[in-house]
Amino acid sequence: MAREHKKQVTVLLEHQEDRRFSAYCEEKGYKKSTLIAGFVREHLDKEASRHE
């Protein structure tokens, strides 16, 4: 199976939000990009199920 190409997205956060997000990811052991991708996927899945 061919490797899926992933698209890069830039996210802009206020300084305080970035500090909180960085601290949370550090504490929980998450990569920021992986966590954000999960948030987007969950949100889109939730929205799709609301419109079925």
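None of the figures in this text is laboratory data; all of them are computed from the coordinates on show. For clarity, every value in this text was computed on a predicted model and none was experimentally measured. Glycine gets a Cβ as well: all are built from the backbone with ideal geometry, and neighbour counts include every protein chain shown.
Could you count how many residues in the range 11-52 are of a type in the set (G, A, S) and surrounded by 10 or more Cβ atoms within 10 Å (Cβ to Cβ)?
The qualifying residues number 5.
Any chance you could count how many residues in the range 24-37 are under 16 Å from Q8 (Cβ atoms) and in a helix (DSSP H, G or I)?
Count: 6.
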